[in-house]
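To start, the structure itself, in structure tokens.
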Amino acid sequence: MFDELSVAENIFAGHLMRNRIGLVDWSGMRRRATEILRSLESDLDADAPVRTLSVAHKHMVEIARALSHDSQVLIMDEPTAALSSHEIEELFVIIRRLAARGNSILFISHKFDEIFAIADRYTVFRDGSHVGAGQISEVSQGELVSLMVGRPITELFPKPWSPAGSICRSRRTWRWWAW
């Protein structure tokens, strides 16, 4: 993102629209940027400087940039890391809308609540190798954790050694001194 440029300029950075004599078509870019933003049901102003936008709105501009290339696949790597819960819900609405339009979204996250909220399918990589994939509706959170760490979840959280109801007593006494 280029903070000093407008929303439209950021959307078309690297592929500026040109008129028939080869000059930058500023009005055409603003118009097309507004169309893309409206398709995302965003009311962002195409002329607004990006530096004035929230993190969530900057994400919206990045999504619009991908759509300006007619991208069919969008890769989102931990997109919710800096968002509030309200902004995350807004992002999920956009993701669902894009998926309904036929776009594919690769959503990379370690947050299970997000994965189970929006994913249709999952793929797990561990140490650079593919270790599992399937329908999200057919897997539990524990199974995903096991795939991620490479061993059953019961090995991660072993049963405590003391039987239920027993009390552990220590002969040590602790004294706290205030100086």
Being surrounded by fewer than 16 Cβ atoms within 10 Å (Cβ to Cβ) and part of a helix (DSSP H, G or I), is that true of even one residue in region 63-82? no
Scanning region 95-126 for residues that are more than 19 Å from Val145 (Cβ to Cβ) and part of a helix (DSSP H, G or I), the one farthest from the chain's Cα centre (by Cα) turns out to be Ala100
If we ask which residues in region 136-152 are part of a helix (DSSP H, G or I) and of a type in the set (Lys, Arg), their number turns out to be 0
In region 57-99, residues that are β-branched (Val, Ile, Thr) and touching a residue at least 60 places away in the same chain (Cβ under 8 Å) total 1
For region 2-32, the count of residues that are farther than 17 Å from Met60 by Cβ and of a type in the set (Lys, Arg) equals 3
Over region 14-61, the set of residues crowded, with 17+ Cβ neighbours inside 10 Å, small (Gly, Ala, Ser) and outside any helix (DSSP H, G or I) is Ser42, Ala46
Based on this model, can you work out whether Ile95 counts as farther than 25 Å from Leu53 by Cα, modelled with pLDDT of 90 or more, in contact with a strand residue (DSSP E or B) (Cβ under 7 Å, 6 or more places away or on another chain) and surrounded by 15 or more Cβ atoms within 10 Å (Cβ to Cβ)? no
For region 100-147, the count of residues that are basic (Lys, Arg) and free of Cβ contacts under 8 Å to residues at least 24 places away in the same chain equals 2
Task: Selection status of Asp77, modelled with pLDDT of 90 or more and either charged (D, E, K, R) or touching a Pro at 6+ places or on another chain (Cβ under 6 Å) (or both) - done: yes
Item to complete: Might you check whether a residue that is within 25 Å of His110 (Cα to Cα), part of a loop (DSSP other than H, G, I, E, B) and aliphatic (A, V, I, L, M) occurs anywhere in region 1-8?
Response: yes
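The values are calculated or read from the model by the stated rules, or taken from the named source; none is laboratory data. Everything numeric in this text was worked out from a predicted model, so none of it was measured. Ideal geometry is used to build each Cβ from the backbone, glycine not excepted, and the neighbour counts take in all protein chains shown.
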